[in-house]
Amino acid sequence: RWSSVRSVSFSCDNRIVSASSHDSTAKVWNASSGACLATLTGHSKPLVTACFSPSADLIATASWDASAKLWHSQSGACTHTLTGHAHVLTALAFSPDARLLATASADHTAKLWNPHSGKHLHTLTAHSHFVLAASFSPDSKHLATASGDNSAILWDPATASPTLALRGHADAVWSAAFSPDSALLATSSSDATAKLWCLRSASCLRTLRGHAAAVDAVAFAPGGRTLATASADGTARLWDVGSGGCVAEV
């Protein structure tokens with residue numbers, strides 16, 4: 001019997017699905033047949049998340065054991081174990097150009113890695129609390145990190161330098177997502193709001209209010225005109241990015 005499932009993700013071609021579990025393993029399935037292709041074992045503590053590389057040849061897993069692992073998606077073989085964080089991992093993300101993997105941790109840092117060699121490249125150290133999320137822009141030119149210090153920070157992945165600090169939330173920032181054109185960033189917070197930021201002007205365009213509890217996640221629709229938010233109040237909302245108005249609640 002499998003333990004509670006922490007995350008589920010599809011490969012970019014929708015042919016493979018992976019899921020990470022509290023039992024310290026991840027599984028990989030054929031999305032069409034449902035056949036289990038591999039069980040990924042090697043972490044010593046529960047997994048937080050798992051995600052595919054853009055080419056779907058690799059799967060990255062993040063764990064409470066303070067490590068990330070890279071796996072061959074078809075064979076299930078572990079290609080690299082990424083160590084160096086001093087506390088549990090909270091998130092990870094591949095850059096869309098497949099050149100980088102970002103890991104986020106409760107040790108107040110994020111790290112950048114070469115996912116093909118497993119080499120550690122940079123440690124990002126501007127946050128003063130847990131780093132709760134990491135997200136690359138679609139053009140791979142920016143990395144956003146979200147933190148329990150109530151801020152999101154933008155970084156240049158090539159230099160590991162912070163380029164912009166976004167402050168305005170009144171509580172922890174749980175997630176950050178770029179618009180498809182990489183021009184906007186959406187953040188969500190325990191302060192029960194989401195915010196839309198213009199990266200060119202470094203300004204908050206809109207604060208989206210209406211949820212009655214923490215907003216745990218944000219995501220742009222593929223066209224970039226609609227934003228979805230998910231909240232601890234038991235609802236999800238859809239927002240018009242242009243006006244900031246709520247267009248649906250489920």
Cα-Cα P(r), the stretch 195-238, percent of pairs per 5 Å interval: 5, 20, 27, 24, 16, 6, 1
Mean shadow area of the chain over all directions, Cα convex hull, nm²: 12.8 nm²
At 1.002 mPa s and 20 °C, Stokes diffusion of the stretch 120-250 via Kirkwood alpha-carbon radius, µm² per second: 148 µm²/s
Carbon + sulfur, % of accessible area of the chain - ligands and nucleic acids excluded, 1.4 Å: 52 percent
Qualifying lysines (Cα of each under 22 Å from Cα of LYS141; at least 8 residues distant if same chain): LYS111, LYS119, LYS195
Label-point gap, in nm, between ARG99 and SER4 - each point 7 angstrom along Cα→Cβ: 3.9 nm
Diffusion constant of the stretch 70-129 at 20 °C, which comes from Stokes-Einstein with the Kirkwood Cα-pair radius and 1.002 mPa s, µm²/s: 177 µm²/s
Potential lengthening between ALA221 and HIS72 on full extension [0.36 nm per residue; Cα-Cα distance subtracted]: 50.7 nm
Residue order for PHE130, PHE178 - accessible surface, 1.4 angstrom probe, largest first: PHE130, PHE178
Using alpha carbons only: equivalent-ellipsoid semi-axes of the stretch 1-40, gyration tensor based, whole Å: 18, 11, 7
Dipole of the stretch 100-188, positive end: most advanced residue of ALA172, THR103, LEU184 [Cβ charges, Cα centre]: THR103
Pair CYS198, ASP23: separation of 7 Å Cα→Cβ label points (nm): 5.1 nm
Diffusion constant of the stretch 8-87 at 25 °C, which comes from Stokes-Einstein with the Kirkwood Cα-pair radius and 0.890 mPa s, µm²/s: 199 µm²/s
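The values are calculated or read from the model by the stated rules, or taken from the named source; none is laboratory data. Just so we're clear, the structure is a prediction, and the values are computed from it rather than from any experiment. Cβ sites come from the backbone with ideal geometry, for glycine too, and all protein chains shown count toward neighbours. These area figures cover heavy atoms from the full protein model, side chains too; ligands, DNA and RNA do not enter into them. Shrake-Rupley method; radii C 1.70, N 1.55, O 1.52, S 1.80 Å.
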